[in-house]
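First comes the structure, then the notes that go with it.
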Amino acid sequence: MVNVHCLNNIASCGLDLFTADYNTESSYEDANAVLVRSAKMHDLDLSNNLVAIARAGAGVNNIPLEKCAEAGVVVFNTPGANANAVKEQVLATMLLASRDLIGGNKWVEENKADADIAKATEKAKKAFAGREIAGKKLGVIGLGAIGQLVANAAISLGMEVYGYDPYLSVAAALNLSREVKHVIDVNDIYKECNYITVHVPALDSTKGMIGKEAFELMQDGTVVINCARDVLVDEDVIGDYLKSGRVKCYVSDFPNPKTANMEGALVFPHLGASSAEAEDNCAVMAVKQIRDFIENGNIKNS
Ligand code: MLT
C-alpha cells in the first residue's frame, strides 16, 4: 500500500486517479508521497518513508528543495497546468487597470437608491472614462508557459508586445507569435512599455528586480502587473512612484499590509491559479507524476 498525504486544495478529480493500492487518507508521518498546493513545507520531517513531493502549481518556493535533494526526495511541480488561468487574470487586471469598471460598479452601488440614477449616469460616464489597451505597448518579462500565453493573447487584442527572457527555449520561441518583439536588454521594456507584466520565478537573482532603477526608466502612467511572486517587485519604493503618477496602477496578486493600503494598487488574494480548470489540471498532473514515479520510476515534470 502506498500512502499519499494530500494537503490543501488538491481537487478530488486528481485523487480519483489513484487506484485501490493507494491510501490517500494517509497521515503525514506515514506518507510515501505528499501532494501540496501552497502550504509551506519547510518544517517537513524527511526522516520517514517519504520519496516524493508534488507541488500542484508552478512555483516551488514553499518546498525545502535543498533538504529534499539531500534526503533523496524527488520534487515535482506542474508547469503550464495553471498557465491559462494566470493568463486570464493578467488580461482581466490589465483591462481593470485601464477601464475603471470597479469604480463604476461601486458608483452604481452607492447611487442605486437615487430615483434619478439614470440622469446622473451621464456624469458618471465622464468620471469613469478610461483608456483602451489596443495599440499600447506591453512588456512581458519571462516567456515561460504563462508569459507565452499572455504575449500571444495581447497580440490578438491589438497590443504591441515586447518580450524579454534570457533563457528562452527553442520550443518557447516557436510557440510565440512572430509579432512579439524580443529585447535583449530588460531596460528596453521599462523604457518603452505602457504595461509591464512579470512572469519569472522567485530566485535570489530576480528578487526586487523591478525596483528603483527600473521605475526610474518607466514612462508616466505605466501599469505594472505582478501575478508571479511578491518578492519580484520592490514594494518599499513602489508607493512613491504611484504617488508621483509614474506608475498609474500596481496590480499585485499578493496582499500584505503594505500593498493592501497602497493607493493606486489593485490587489488580489493570490487568485491567479484559482479557476476550477486550473485546480483540476494541476491536481491531475501532480497525481500522474507521483503514480508514474512510484509505479514505473519515471521522473517527468509534465
Ligand atoms: C503557482 O505557483 O503556480 C501558484 O502559486 C499556484 C497556486 O496559487 O496554487
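Straight-line reach from K212: which lysines fall under 28 Å, measuring Cα to Cα and dropping same-chain residues less than 8 apart?
Qualifying lysines at Cα under 28 Å: K87, K136, K137, K181, K191, K243, K248, K258.
Give me the net charge of G239's neighbourhood, meaning all other residues with Cβ under 9 Å from the Cβ of G239; Lys, Arg count +1, Asp, Glu -1. Can you show the working numbers first?
Values: positive: K243, K258; negative: E235, D236, D240, E263.
In short, -2.
Check which residues have an amide H placed less than 5 Å from V161's amide H, if you skip close sequence neighbours.
Here the answer is L138, K181, since their amide H atoms fall under 5 Å of that of V161.
From the residues I133, T19, P255, which one has its Cα farthest along the dipole of the chain in the positive direction, the dipole being from +1 and -1 charges on Cβ of Lys/Arg and Asp/Glu about the Cα centre?
Looking along the dipole axis, the top candidate is I133.
How high is the FRET efficiency from K112 to Q219, r the C-beta distance, R0 35 Å, rounded to 0.05? Before the final figure, lay out the partial values.
Values: r = 38 Å, r/R0 = 1.09.
After rounding to 0.05, the efficiency reads 0.40.
Report the residue, chosen from I102, I117, I155, that carries the largest GNM mean-square fluctuation when the chain is represented by alpha-carbon nodes joined by springs under 10 Å.
I117
Would you work out the charge dipole size for the chain about its Cα centre, treating the Cβ of every Lys and Arg as +1 and the Cβ of every Asp and Glu as -1, and quote it to the nearest 20 debye? Write down the numbers at each step before the final one.
Numbers: 28 positive and 39 negative charges, 204 e Å.
Computed about the Cα centre, the dipole is about 980 debye.
Towards the positive end of the charge dipole of the chain, with charges on Cβ (+1 Lys, Arg; -1 Asp, Glu), say which of A265, V90, S244 has the farthest Cα.
S244
In which sequence would V75, V170 go, from the one with the fewest C-beta neighbours within 10 Å to the one with the most?
Details: V75 18, V170 7.
So the residues, fewest neighbours to most, are V170, V75.
Between rounded, prolate and oblate, where does the stretch 228-287 land on the alpha carbon gyration tensor, with a ≥ b ≥ c its root eigenvalues, rounded for a/c under 1.5, else prolate if a/b exceeds b/c? Could you put the intermediate results ahead of the total?
Values: a/c = 3.29, a/b = 2.91, b/c = 1.13.
Taking the square roots of the gyration eigenvalues as a ≥ b ≥ c, the stretch 228-287 is prolate.
Would you order C227, C249, C13 from fewest to most other beta-carbon atoms within 10 Å of each residue's own beta-carbon?
On the way: C227 24, C249 19, C13 14.
So the ranking, lowest neighbour count to highest, is C13, C249, C227.
Show the residues, 5+ positions off or on another chain, whose built amide H is closer than 5 Å to the amide H of I225.
Counting only residues 5 or more places away or on other chains, the set is I196, T197, V198, V251.
Counting other beta carbons within 10 Å of each Cβ, put I294, I196 in order, fewest first. Intermediate results must be reported in sequence, preceding the final value.
Values: I294 18, I196 26.
Ascending number of Cβ neighbours within 10 Å: I294, I196.
In terms of modelled amide H atoms, which long-range or inter-chain residues lie less than 5 Å from the amide H of V267?
S252
So which residue, out of A286, A276, A83, gets the largest mean-square fluctuation from a GNM of the chain using Cα contacts under 10 Å as springs?
Result: A276 has the largest fluctuation of those listed.
Using the Karplus equation 6.51 cos²θ - 1.76 cosθ + 1.60 (θ = phi - 60°), what ³J(HN,Hα) coupling, rounded to whole Hz, does each residue of the stretch 24-30 give in order, writing x for Gly and Pro?
Ordered by residue, 3J(HN,Hα) equals 8, 8, 3, 7, 3, 5, 8 Hz.
What dipole magnitude, in Debye to the nearest 20, does the stretch 88-223 give about its Cα centre under +1 on Lys/Arg Cβ and -1 on Asp/Glu Cβ?
On the way: 15 positive and 18 negative charges, 60 e Å.
About 280 debye.
What FRET efficiency do you get for F128 and H42 if R0 is 35 Å and r is their Cβ-Cβ distance, rounded to the nearest 0.05?
0.20
Would you work out the charge dipole size for the stretch 133-189 about its Cα centre, treating the Cβ of every Lys and Arg as +1 and the Cβ of every Asp and Glu as -1, and quote it to the nearest 20 debye? Present the calculation step by step, with values, prior to reporting the outcome.
Numbers: 4 positive and 5 negative charges, 29 e Å.
Dipole magnitude for the stretch 133-189 comes out near 140 debye.
Please give the Cα centre distance for the stretch 1-64 versus the stretch 72-125, rounded to the nearest Å.
Taking the Cα centre of each part, the stretch 1-64 and the stretch 72-125 sit 34 Å apart.
Taking springs between alpha-carbon atoms closer than 10 angstrom, which of F254, F18, F76 fluctuates most in the Gaussian network model of the chain?
F18
State which stretch of the chain is the longest one without any exposed GluC sites (Glu not before Pro), exposure meaning a DSSP loop state and at most 16 other Cβ atoms within 10 Å.
Values: sites that count: E25, E29, E132, E179, E263.
Value returned for the longest uninterrupted segment is 30-131.
What number, in percent, do you get for the relative contact order of the chain if the mean sequence gap of Cα pairs under 8 Å and at least 6 apart is divided by its residue count?
Details: 577 pairs, mean separation 57.5, N = 302.
So the answer I get is 19 percent.
Go through the stretch 101-108 residue by residue and turn each phi into a ³J(HN,Hα) via Karplus (6.51, -1.76, 1.60, θ = phi - 60°); whole Hz please, and just put x for glycine and proline.
Ordered by residue, 3J(HN,Hα) equals 6, 5, x, x, 5, 5, 4, 4 Hz.
Lys and Arg at +1, Asp and Glu at -1: add these up for the other residues within a Cβ distance under 11 Å of A11 and post the number.
-3
Taken together, the values in this text are just the output of simple stated rules run on the coordinates, not laboratory data. This structure is a prediction, so every number in the text was calculated from the model and none was measured. As a convention, Cβ positions derive from the backbone with ideal geometry for all residues, glycine included, and neighbour counts pool all protein chains shown.
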